[in-house]
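**Student:** Starting off with a structure, shown below.
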Amino acid sequence: MDFDAILEDVGTFGKYQKLVIYCVLLPAVIPCGFHAYAQLFMAADVVHWCKVPELEHLDDMEVIKNLSIPVELKNGIPQYSSCSMYDLNYSYIAANYPDIDDVTNNSAVVPCVHGWTYDKSIYTNTVATEFNLVCNKDFYPTLGLVLLAVGGIIGNYIFGYLQDTIGRKPSFFIYLLIESIFGVATAFAQNFPVWIIYRIGVGFTVPAIMATPYVLAIELVGPKCRTLCTILSNIAYSMGLILLAGVVYLVRDWRHLALATTLPFVCFFFYIWPMPESPRWLLARGQFEKAEIILKKMARMNGKSLPANYMVHLRRKYESDKLKQDLEKEKSRKYGILDLFRTPNLRKKTIIITFIWFTNTSVYVGLSYYAPVLGGDEFLNFFLAGIVELPTYLFLWPSMERLGRRWTLCMSMVVGGVACLTTFLVQHEAYVTLALYCVGKMGISSSFVVLPLMASELYPTVVRGLGMSLSSVLGMLGPIFIPLVNYLGSDILVLPLIIMGALLVAGGIASLLLPETLNQHLPQTLEDGEKMGLDTDFCCIPPVKEVKPKKNAFDNCKKCNTLCTCQIVNVSLSENVAAVIDKTGENVEFILVK
């Protein structure tokens, strides 16, 4: 049953859909961004240096550092060492200060002996300061981000299956319950291993917590409004990042931050009444009675008047179509992931889409993670990383319609990548680096909207779900790998930006190897998917095929006066006309001359 045809009768984007999407589904996207990035500030690294108990009675911190901490170059800037101190008799220094000469000349340097002193002018308390995750343990916060991403991959697979099995609505509240439990529990972790376990539990629902509102919004509207819903969902996600920037600016203790980024979303459980189940999914699962209730409500709120016997005829058609589908299902072929790689053209497109998906996911998450450590005000940096995404949506839609998907995707990635690479030339100019970072974030935000749409238009219908799942799951390996890249930035600030810029440029160039999908028919079969793009020029939208005129069967074989068989696959004769199917799949009538 064509649900889009039903939507034409009850309203494709009327008052009902607008109320549900604007008031329920778009706010439901926000928890994803909160829980994906709050951990950056919970485990934020702060300025620290070796603790020297003998000198703590001195009031001037600069004097204490001068007497005990060596100076090192970090990113070309001299700074007090974070993990080493002079090996001196500090009891003697404390007893004779200030009547002592410079005792630090030619003094040996050793690792911190009595722990660390933390600068609490920015953060009151973080996971790093409370559990001393610094120096030889400074990798632990990065490990936390890696395991958060691992939990996301596992959860996305499990909850994707759950969403298709028990429905979109119950799945969302299961995600929300798990996220709320582990999010609140995070605030009460007493050691780092327990904290890691709770963060894996939170990561288990990221990004699954965003998928359900997005899918439900797409399934409630007609085909022409799906791109609008996609852009609105991305805007809601960006707004979540902007709100999170305000929350982390106001809340500087990691335990309070865990509660502040979780407890407000408990109120989303009130959505259990206004949030509908997807009527499209209900019909697909044979739950006609429940779908009928939603469709009637949708028609009433959208001001559509349905005939008295509309639902009766709809039920009959549904039962008839379902019977046909069941019969066809028994005879139909089962498709698998290997079908995406059987033929050369489809295999090429699958590999390219997956590679671009990996680069997009890696760089988007990487740039969002990197904002707080970019230098300068980390809260302002994160706020800018979220707000620069909004202008991209203003020109994205007209660009996709005029330039096409492929060139919009290519230009977004290449411009963003070049901006990131250019930071190498201005690495000591903080404001210029920040401006280039923002351009890079705008580029990757744009491409992240175009890619799923273009991929869905390239994969054939029979394997579209498999193709999208394969590319997105392999793409989610990026958030596992990218925190390790950012970890390298602790010594060379712009190195992660250079790596991410190179990935973006490579992905942008690779996108030109894909065919344009603007105004093209969606491929239905594997054969359609194999043919699509074979005649595509490297830089242009493929031209519309012209209908070939009938030609004489002996145009190429006038000498032998026989039917040429070099390109013929099948021939059906009817009197003096032969219907010839050649190797391109075209059916051309040839006039037989005798």
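**Student:** Here are several values of semi-axes √(5λ) of the Cα gyration tensor in Å: [x] 46, 25, 23; [y] 58, 31, 19; [z] 40, 31, 24. Which one was derived from the coordinates shown?
**Tutor:** Only one listed value fits the structure, namely [y].
**Student:** Measuring from a point 7 Å past the Cα of ASP87 along Cα-to-C-beta, which residues in the range 36-50 have an amide N at less than 19 Å?
**Tutor:** 50
**Student:** Name all residues of the range 421-456 having a backbone nitrogen under 17 Å from the label point set 7 Å from the Cα of ILE387 along its Cα→Cβ direction, giving them as ranges.
**Tutor:** 431-432, 434-442
**Student:** Still on this structure: Quick one: ranking LYS304, LYS120 by accessible area, 1.4 Å probe, largest first, what do you get?
**Tutor:** Ranked from most to least accessible, the order is LYS120, LYS304.
**Student:** Ok, one more. Could you give the angle, 0 to 90 degrees to the nearest 10, between helix 168-186's Cα long axis and the longest principal axis of the Cα atoms of the chain?
**Tutor:** So the helix axis and the longest Cα principal axis differ by about 10 degrees.
**Student:** Calculate the dipole size of the chain relative to its Cα centre from +1 charges on Lys and Arg beta carbons and -1 charges on Asp and Glu beta carbons; express the result in debye to the nearest 20.
**Tutor:** Approximately 3320 debye in magnitude.
**Student:** If you don't mind, another one. Using alpha carbons only, how many degrees (0 to 90, rounded to 10) separate the axis of helix 226-250 from the longest principal axis of the chain?
**Tutor:** Once rounded, the angle reads 10 degrees.
**Student:** Computing the accessible area with a 1.4 Å probe over protein heavy atoms, can you report the carbon and sulfur percentage for the chain?
**Tutor:** The C+S portion of the solvent-accessible surface of the chain is 63 percent.
**Student:** On a 1.4 Å probe surface of the protein chains, which of TYR370, TYR92 comes out largest in accessible area, and what is the full order?
**Tutor:** TYR92, TYR370
**Student:** With unit charges on the beta carbon (Lys/Arg positive, Asp/Glu negative), name the residue among VAL46, PRO70, TRP116 whose Cα is farthest towards the positive pole of the charge dipole of the range 25-181.
**Tutor:** VAL46
**Student:** Report, in degrees rounded to the nearest 10, the 0 to 90 angle that the Cα long axis of helix 405-422 makes with the longest principal axis of the chain.
**Tutor:** 20 degrees
**Student:** Right, another one. With every protein chain kept in the model, how would you rank TYR437, TYR198 by accessible area, 1.4 Å probe, largest at the top?
**Tutor:** Highest to lowest solvent-accessible surface, that is TYR198, TYR437.
**Student:** A further question on this structure: Using 0.36 nm times the number of residues separating LEU394 and LEU250, minus their current alpha carbon distance, what extension gain do you get?
**Tutor:** Extra length from LEU394 to LEU250 when fully extended: 48.8 nm.
**Student:** Taking only DSSP H segments of four or more residues, each worth -39500 (n - 2.57), what value at 222 nm results for the chain once the sum is divided by all its residues, to the nearest 500 deg cm²/dmol?
**Tutor:** -18000 deg cm²/dmol
**Student:** With r defined as the distance between the Cβ atoms of LEU474 and LYS18 and R0 fixed at 35 Å, what FRET efficiency is calculated, to the nearest 0.05?
**Tutor:** The pair LEU474/LYS18 has a calculated efficiency of 0.45.
**Student:** A further question follows. Which value, in Å² and to the nearest 10, is the accessible area of ARG464 when all protein chains are kept and the probe is 1.4 Å?
**Tutor:** Probe radius 1.4 Å; accessible area of ARG464 about 50 Å².
**Student:** At 0.36 nm per residue, minus the direct Cα-Cα distance, what do HIS57 and THR165 gain on full extension? Give it in nm, one decimal, please.
**Tutor:** This chain segment gains 32.4 nm when fully extended.
**Student:** Something else about it: Of the DSSP beta bridges with both residues in the chain, give the percent that are antiparallel, rounding to the nearest 5.
**Tutor:** 95 percent
**Student:** Where only protein heavy atoms count, and the probe is 1.4 Å, what is the accessible area per residue for the chain in Å²?
**Tutor:** That works out to 49 Å² per residue.
**Student:** Still on this structure, I have one more. With respect to the cross-link table entries LYS317/LYS531; LYS169/LYS334; LYS65/LYS120, which display a Cα-Cα separation exceeding 23 Å?
**Tutor:** Correct reply: LYS317/LYS531; LYS169/LYS334.
**Student:** Taking the alpha-carbon centroid of each part, what is the distance from the range 466-495 to the range 168-210 in angstrom?
**Tutor:** 21 Å
**Student:** Which residues in the range 78-94 have a backbone N closer than 17 Å to a point placed 7 Å from the Cα of SER121 along the Cα-to-Cβ line?
**Tutor:** Residues 78-82 fall inside that zone.
**Student:** With label points built 7 Å along Cα→Cβ from the Cα atoms of VAL312 and LEU403, find their separation and express it in nm.
**Tutor:** With each label point 7 Å from Cα toward Cβ, the separation is 5.6 nm.
The values are calculated or read from the model by the stated rules, or taken from the named source; none is laboratory data. Fair warning: this is a prediction, and the values are worked out from it, not measured in the lab. All Cβ positions, even for glycine, are placed from backbone atoms using ideal geometry, and neighbour counts span all protein chains on display. Accessible surface is based on the protein model in full, side chains and every heavy atom, while ligands, DNA and RNA are left aside. Shrake-Rupley method; radii C 1.70, N 1.55, O 1.52, S 1.80 Å.
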